[in-house]
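What follows is calculated from the coordinates using simple rules that are stated; it is not laboratory data. Since we're looking at a predicted model, the values are computed, not measured. Methodologically, a virtual Cβ is constructed for each residue, glycine included, from the backbone with ideal geometry; neighbour enumeration extends over all protein chains shown.
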Amino acid sequence: MQLIMDNRQDKIEVSDELIDIIKSVTKECLKHEGFDEDYEISLSFVDNNEIHNLNKMYRGIDRETDVLSFPLIVDDDFDIELKEKALGDIVISMEKALEQSNDYNHSYEREVAFLVCHSMFHLMGYDHDTDENTKIMRSKEEAVLVKLGIVRA
């Protein structure tokens, strides 16, 4: 797995410890779903202003959000073998992650881990558009985070 990270904000520190947690979450999500580790994932850290602009541009929602997912795996008729398989792009507002960690009364690292995990399942085709799909996705997220010992505390 290749994780390409881009820190486009300077308001919240992105520590080496947080990077290690993110790597373990992405690997465990792939493993949980039976994906091989040949995928490339792009992860951008942004501030509330940038994610607001992206949310408005790509989803037509004129407000900030915590995370955006841009899956690149699509079902199509092309059978092209590429050396690297791109799974997609994840964009996280680090400001929003910090706000939510305080709101939910758990660590900043746990919140970022959850957002990465949540977004990874979006990249692998899951959604929370119905109650049933939400239950499935939440169950998978919880299984990964519990396995890694990343629990609410």
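Available extension along the chain between residue 142 and residue 36 is 36.1 nm, counting 0.36 nm per residue and deducting the alpha carbon span. Is there a pair in 31/85; 31/140; 31/96; 27/85; 27/147 whose C-alpha atoms are over 22 Å apart, and which pairs would that be? Over 22 Å Cα-Cα: 31/96. Taking 0.36 nm per residue of separation and subtracting the current Cα-Cα distance, fully stretching the chain between residue 98 and residue 8 would add 30.8 nm. Global size of the stretch 2-147: 15.1, 47 Å for Rg and Dmax (C-alpha atoms, Rg to one decimal, Dmax whole). Ordered by the count of other Cβ atoms within 10 Å of each Cβ, fewest first, 8, 110 give 8, 110. Database remark: amide H of residue 44 closer than 5 angstrom to the amide H of 6, 90, 91, 92 (H placed geometrically; neighbours at sequence offset of 5 or more, or on other chains; Pro and chain starts carry no H). Amide H contacts under 5 Å for residue 2: 39, 40, 41, restricted to partners 5 or more places along the chain or on a different chain, H placed in the peptide plane at 1.01 Å from N. Annotation: amide H of residue 126 has no partner in the under-5 Å range at sequence separation 5 or more or interchain, hydrogens built in the peptide plane.
By the combined test of axial Cα extent (at least 20 Å) and Kyte-Doolittle hydropathy (mean at least -0.5), the qualifying DSSP H helices of the chain come to 16-32, 108-123.
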